[in-house]
Every structure is written in C-alpha cells, then in structure tokens.
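Scroll down for the structure; my scribbles are underneath it.
No lab work stands behind these numbers, since they all come straight from the coordinates. Bear in mind that the values here come from a model prediction, so they are computed numbers and not experimental data. Ideal geometry is used to build each Cβ from the backbone, glycine not excepted, and the neighbour counts take in all protein chains shown.
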Amino acid sequence: MKVLKLIIKNPLRHKLRTTLTILGIAIAVISFGLLRTVVTAWYVGVEGSSANRLITRQAVSFIFPLPYSYRDKIAQIEGVKNLTYANWFGGVYIDKNQFFARIAADAETIFDVYPEFMLTKDELETFKRERNSCILGEGIARQYNLKVGYIMTLEGDIYPGNWEFIVRGIYRPRDKTTDASQMIFHWNYVNERMKEDMPERSGDIGWYIVQIEDPAKSAIISEQIDALFKNSPAETKTETERAFQQGFLAATSAIIDSMNVISFIIVGIIMLILGNTMIMAARERTREYAVFKALGFSGKHLTQIILGESLFISAVGGGVGLVLTFPIVVAFEKVIPKGFFPVFQIEPITVILAVSAAILIGIAAAIFPIQRALSTKIIDGFRFVG
Amino acid sequence: MSAIIQVQNVSKSYWRDSFEVPVLNDLSLEVNRGDFVALMGPSGSGKTTLLNMIAGIDRPSKGKLIVDGTDISTLGESSLAKWRSAKIGFVFQFYNLIPVLTAFENVELPLLLTKLSKAERKKHVETALGIVGLGDRMHHSPKQLSGGQEQRVAIARAIVTDPVILVADEPTGDLDKHSAEEILTLMERLNKEFHKTILIVTHDPHAASRAKIIRNLEKGDLIPEVA
C-alpha cells in the first residue's frame with residue numbers, strides 16, 4: 001500500500017489525543033470482554049448440559065423432595081439407559097462466603113450418567129466402596145489444596161450437624177464447559193444418618209437424572225415419566241437438562257439481558273470516541289486532502305489513508321484492550337466468591353466479538369471523514385481555515 | 001511558438017446563497033510553451049480562479065480550456081486527477097507540505113502514483129532536491145526547515161514528475177525578501193534551463209517582473225497585454 005507510511009505516521013501528529021483515544025478503546029474493550037465473560041459464565045451450565053439427560057423433579061418446586069420409590073418405576077420406562085439421583089446438600093466448608101456445589105448422589109450410578117466427570121478406575125472403585133468418601137472437582141481441590149486421603153468437614157444446614165468425608169478422588173472435566181467445582185458424596189451416607197436424626201426426611205430424593213438412549217425421544221419419555229406419577233402426592237416435572245438449567249437462569253434473565261445490552265452499548269461508545277477523533281483529524285487535514293487531490297491522488301487513495309488510520313487506531317486500542325482483558329478477568333475471578341461461576345474464562349466468541357467490533361468500529365468511524373474528504377472540492381479545501 | 005495553454009471564452013461564476021457572483025467574464029488567453037507568465041491583479045480580480053482552472057482543479061462555467069493538447073473542461077474527475085499528476089506541478093503560497101513526512105517523502109508523494117520502482121523514485125527525488133539546493137536536507141521534516149527551504153521542497157515536489165507546466169499561487173507571499181529572491185531565481189532557472197512553462201499569480205510587482213510576460217486582470221477581465 002503506497003500510503004502505508006502516512007497511515008502509521010498520521011496518528012502520531014497528536015500523540016496525546018491518539019494515546020487517549022487508544023486508552024479509551026482499550027478500556028471499552030476490557031469492559032466489553034469482562035461483561036461478555038460474565039454473561040457466558042452465567043450460561044455455562046446450560047452449555048454444559050447434555051442432550052441425553054432428563055431431570056425429574058417435584059412438579060410444585062425443586063425444593064420439595066421426591067420419594068425414593070420412584071426410582072424403579074422410572075427405570076422401567078423404555079428408552080431409559082441409566083438412572084441416578086441426587087440431593088442438594090448445601091452446608092458450609094471453612095468459609096460460608098465461598099460457595100461450591102455439594103451433592104449427595106447415588107455412588108453406584110452418578111458417574112455413569114456424568115461421563116464428563118473423569119475419574120480413574122481406582123478412584124471410582126474406592127469411592128463406591130467407602131460410604132463416607134467423596135469426589136471433588138479439580139477446581140475445588142486446587143482452590144483448597146485438597147488431595148486424595150484428606151478429610152473434609154462440612155457444617156450442615158439443610159442436613160444439620162458436622163459431616164466428615166474422606167477425599168477419594170479428584171475428577172477432571174472432560175469439556176471446557178464442564179463444572180470442575182463440585183463435591184459429590186454418598187446419598188446413602190447422608191440418608192442413614194437422616195434415618196436416625198430426622199426419620200421423616202429419610203428416603204427423600206432431590207431430583208432424578210435420567211439418561212436416555214435417544215435424545216430425539218426426550219419429550220415422549222418426559223411425558224411418560226410424569227404420567228406415572230399423575231395425581232400422586234408428589235407429581236413430577238421432567239424436562240431436559242438444558243431446560244432445567246435455563247429454569248434457574250430465568251430468574252436472573254433481566255440482569256443478564258441488561259449486561260448483554262450494556263456490553264453492546266460499550267461498543268457504541270468506542271465508536272463515538274474513535275469517530276470523534278477521526279472527524280477532528282479529518283477536519284484539521286482538509287487542506288492536506290486538497291493537496292493530495294491536486295497532486296493527482298484519487299478518492300481511493302484518500303479512503304485508504306483515512307480508513308487505514310481509523311483501523312490502525314482501533315486495532316491498537318482493541319489489541320491493547322484484549323491483551324489486558326485476560327489478566328483482568330483472572331483478577332476479577334479472584335475477587336468474586338469462589339465457585340460463583342464454576343467456569344470463568346474468556347470464550348473464543350468473546351475474542352471474536354471484540355476483534356470484529358474493533359474492525360467494524362474502525363470502518364464506521366472513518367465513514368463520515370471519508371465522505372467529507374471526498375465531497376470537499378479542491379479549491380474549497382485550500383480555502384479552508386481549520 | 002505553439003500555445004500550450006489555450007483559454008477560450010471562459011466565464012466563471014460562483015453562487016453565494018441565491019446570488020450569482022461572476023468571477024471571470026468571457027476571458028481568452030494563450031500561453032506558449034516555455035513562457036513564464038505572471039498573472040497580476042487586485043484581490044477578487046479572478047487571477048487565482050484562472051490559474052486553478054488552467055491547472056485543472058476548478059472548472060469553467062462556460063468556455064473551453066485546452067492545455068497541452070487536451071480539452072480539460074470535458075474530462076471527468078478521475079481522468080482530470082490523472083492528467084494533473086502527469087502535466088501540472090503545483091507550488092502554493094503556504095507550501096502545503098505534509099508535516100509528518102520528511103522532505104524526501106514529501107517530494108516522493110507524486111511519484112507514488114507512477115509505476116516507478118523504489119530505486120527510480122529515490123533517484124528522481126534526489127535529483128529534484130538537488131536542483132532546488134536541498135540535497136543535504138532530504139531527511140529533515142518540514143518543521144526543521146525555514147520558510148524558504150519549505151517552499152523549495154514544495155518546488156522540488158512540483159518538478160519531480162517532470163510536468164510540462166508549473167503553476168504557482170503567490171509563491172513568495174509568505175516569505176522574507178531574501179527567501180523570495182531565492183525562489184524567484186529558482187523559478188527563472190526552471191524556466192530557462194529546464195524549459196518549464198510557468199504561470200504564477202502574485203500581488204508583488206517585483207516578483208512579477210521576473211516573469212517574461214505579465215498579464216493583469218481586473219474584475220474578471222484580462223487587460224490588454226504589456227510586453
């Protein structure tokens with residue numbers, strides 16, 4: 001490109017203005033990246049859900065239990081491949097402000113239904129064998145520096161009392177969207193103690209997880225499950241795991257939508273910042289553009305000069321912002337309560353959106369200055385007093 | 001001697017709001033190849049407008065402009081731009097150098113529109129800057145040069161493509177007496193040694209006196225020739 005030298009040198013005419021514009025773009029890109037990361041982290045549970053898993057819960061509310069006796073009835077439905085169940089345990093480990101999921105589940109079947117929680121054969125066998133054992137996600141193990149053989153004591157709230165578990169395995173997430181911050185232990189271990197302490201709550205199941213053979217049959221199987229318990233004291237609601245996760249998000253959808261909107265408003269702000277800089281620059285150079293035209297430079301050359309400069313500034317600002325977004329997201333993750341977002345990382349789509357936004361902004365900010373430069377007659381350009 | 005510039009019955013008027021302001025009235029002029037012509041006249045007489053039209057950066061409202069065999073009043077914008085880059089060298093009152101480029105890069109600008117290689121461009125630029133006596137200031141930026149030196153860089157930029165015509169609008173208007181003298185001497189040299197046809201617009205009778213021909217304009221009309 002014959003005008004490359006000008007594209008690079010032009011932004012250096014007003015170093016302070018260019019620096020401030022680049023910083024403005026960088027800050028806006030960081031804000032955009034951070035907001036998008038929060039939004040994608042919010043949806044990670046939905047993204048990580050499996051198409052061949054159904055969740056059966058109490059029809060009235062998730063907080064009401066289901067009877068253990070439903071297990072065999074659901075298992076008999078045609079198309080059900082595996083069945084497991086779980087209870088939300090709650091409780092506190094060391095710090096009540098640091099949250100991670102603690103789940104009492106059927107030790108025999110839970111990891112058959114969740115193959116994305118990867119364990120060694122030895123870890124799984126030991127876990128199944130020892131009733132007071134637990135399995136941790138590697139994120140939680142790393143956070144609390146827990147290793148196999150360590151003892152964890154939970155202070156119960158939904159299930160009162162102190163609960164001791166021996167770590168017998170640390171699962172690794174198979175996929176990027178797999179939650180690596182769960183603690184899973186024996187439902188039987190919890191249930192036995194409940195039989196003694198609170199017999200009226202023994203045998204309670206929080207939800208059933210139904211692995212089906214064919215995801216295309218999820219609607220039919222869901223209907224069949226719910227039909228089994230129609231008009232019973234504990235009617236069920238069965239839905240896909242994705243729908244179940246989305247149900248949790250529904251309550252916060254307004255916040256997420258707002259964050260989404262704000263992230264794109266930020267893109268608009270960047271456009272105004274750069275647009276302002278480019279308009280000022282083009283106005284100051286009206287006479288120069290007239291000189292270029294008089295020397296024989298065409299509209300194509302002027303477009304290259306102005307568009308190139310705009311893209312150069314937006315690319316530098318966007319690049320600086322993007323590079324800084326990574327450490328800032330890591331720092332942000334450290335200050336929010338642990339486990340609040342099981343997976344908190346910059347997604348490729350966020351990077352793609354930020355880069356695309358920077359390019360689009362560079363183009364959009366140059367449109368008006370280009371139009372002005374091209375439409376100004378040479379003699380008017382020479383007469384222009386900026 | 002053949003006429004390189006033929007201005008035939010050219011009129012020009014501008015519109016200010018809804019009022020038509022006539023600038024040139026049915027004006028005709030011929031300039032021969034190798035002439036050095038000074039256009040003089042009071043402000044508003046139309047001398048710069050005439051120069052701009054001959055240089056192809058403004059268009060007549062009526063009439064014909066034939067420059068070096070081309071009727072430029074019929075050319076489209078893109079063809080006119082190409083024609084200008086090949087035929088015309090511009091010198092402006094305020095030099096109009098690009099401040100972020102060095103003297104060398106400023107002079108090289110018109111050559112970027114040609115098919116010359118980098119090495120060929122370098123040779124041409126060095127020659128042009130050598131002619132104006134700034135061979136040792138090639139890598140200086142405009143702000144490191146005096147007004148006279150800046151104007152000499154502008155002249156080097158004007159001649160680097162070897163155009164047939166040089167047009168200069170008040171080339172000494174922003175210079176001190178000594179620098180103005182240098183510029184006028186340089187233009188004389190370009191006319192005599194390099195046979196460039198030169199048209200300058202000036203208010204300064206001393207500057208005009210260095211031209212071979214002086215033509216005066218008044219209220220858009222050309223006053224009969226004074227040899």
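Data overview
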quantity: The stretch A:60-234: relative contact order as a whole-number percent, Cα under 8 Å and 6+ apart; calculated: 34 percent
quantity: q = 0.14, 0.18 Å⁻¹: log10 I(q)/I(0) that the Debye formula gives for the stretch A:233-386, counting C-alpha atoms only; calculated: -0.82, -1.09
quantity: Relative contact order for chain B, counting Cα pairs under 8 Å that sit 6 or more residues apart, in percent; calculated: 29 percent
quantity: Whole-Å semi-axes of the ellipsoid equivalent to the stretch A:202-270 (Cα gyration tensor, √5λ, descending); calculated: 37, 16, 10
quantity: Positive-end residue, chain A charge dipole about Cα centroid, Cβ charges, pick of A:90, A:296, A:207; calculated: A:296
quantity: Counting DSSP beta bridges with both ends in the stretch A:60-234, the antiparallel % (nearest 5); calculated: 70 percent
quantity: Average other protein chain Cβ within 10 Å of Cβ, residues B:102-110; calculated: 2
quantity: Sequence-separation-based contact order of chain A, relative, with Cα cut under 8 Å and 6+ spacing, percent; calculated: 30 percent
quantity: Share antiparallel - DSSP beta bridges, the protein assembly as shown, percent rounded to 5; calculated: 65 percent
quantity: Dipole axis of chain A (+1 Lys, Arg; -1 Asp, Glu on Cβ), positive-most option in A:34, A:323, A:382; calculated: A:382
quantity: Modelled label reach - residue A:223, point 7 Å along Cα→Cβ, the stretch A:75-91 residues with backbone N closer than 15 Å; calculated: A:78
quantity: Amide H contacts of residue B:93 (H built 1.01 Å from N, under 5 Å, at least 5 apart or other chain); calculated: B:169
quantity: Unsatisfied cross-links (Cα-Cα over 20 Å) in the set B:177/B:219; A:293/B:212; B:115/B:196; A:293/A:377; calculated: B:177/B:219; A:293/B:212; B:115/B:196
quantity: Size of charge dipole - the protein assembly as shown - debye, nearest 20, with Cβ of Lys, Arg +1 and Asp, Glu -1, no other charges; calculated: 1980 debye
quantity: Fraction of alpha-carbon pairs over 32 Å apart in the stretch B:3-218 - percent; calculated: 17 percent
quantity: Alpha-carbon centroid distance for the pair the stretch B:148-227 / the stretch A:250-301, whole angstrom; calculated: 43 Å
quantity: Cα-derived Rg over Rh, computed across the stretch A:60-234 with Rh taken as Kirkwood radius; calculated: 0.97
quantity: Partner lysines for residue A:176 [C-alpha distance under 26 Å; skip if fewer than 8 residues away on the same chain]; calculated: A:81, A:121, A:147, A:334, A:338
quantity: Distance (nanometres) between label positions extended 7 Å along Cα→Cβ at residue A:300 and residue B:115; calculated: 1.5 nm
quantity: Protection proxy ranking, peptides A:72-81, B:183-192, average beta carbon neighbours within 10 Å, highest first; calculated: B:183-192, A:72-81
quantity: Spin-label pair residue A:333/residue A:283, simplified geometry with 7 Å Cα→Cβ offset, distance in nm; calculated: 4.5 nm
quantity: Bins of 10 Å from zero: percent of alpha-carbon pairs in the stretch A:114-192; calculated: 19, 51, 28, 2
quantity: Inter-probe distance in nm under a simple model that places probes 7 Å from Cα toward Cβ, at residue A:98 and residue B:193; calculated: 8.4 nm
quantity: Positive-end extreme of charge dipole, chain A - chosen from A:64, A:6, A:163 (charges on Cβ); calculated: A:6
quantity: Three principal axis lengths of the stretch A:13-109 [C-alpha, angstrom, descending]; calculated: 78, 38, 28
quantity: Per-residue ³J(HN,Hα) for the stretch B:95-111, Karplus 6.51 cos²θ - 1.76 cosθ + 1.60, θ = phi - 60°, Hz, x for Gly and Pro; calculated: 6, 6, 7, 7, x, 8, 9, 6, 4, 4, 5, 5, 5, 6, 3, x, 6
quantity: Hz values of 3J(HN,Hα) by residue in the stretch A:64-74 - Karplus curve (6.51, -1.76, 1.60), Gly and Pro given as x; calculated: 8, x, 10, x, 4, 5, 5, 4, 5, 5, 5
quantity: The protein assembly as shown: Cα Rg divided by the 2.2 N^0.38 Å rule of thumb; calculated: 1.60
quantity: Mean Kyte hydropathy of 1.6 or more with a Cα span along the axis of at least 18 Å, helices from DSSP in chain A; calculated: A:348-375
quantity: Check: the stretch B:23-68 dipole with +1 on Lys, Arg Cβ and -1 on Asp, Glu Cβ, in debye; calculated: 120 debye
quantity: Packing-based exposure ordering (other Cβ within 10 Å, fewest first) of B:206, B:140, B:178; calculated: B:178, B:206, B:140
quantity: Ranked B:138, A:183, criterion: other C-beta atoms within 10 Å, fewest first; calculated: B:138, A:183
quantity: Neighbouring partner chain Cβ atoms per residue of B:113-121, average, 10 Å criterion; calculated: 1
quantity: Size of electric dipole in chain B: Cβ of Lys, Arg +1 and of Asp, Glu -1, about Cα centre, debye, nearest 20; calculated: 560 debye
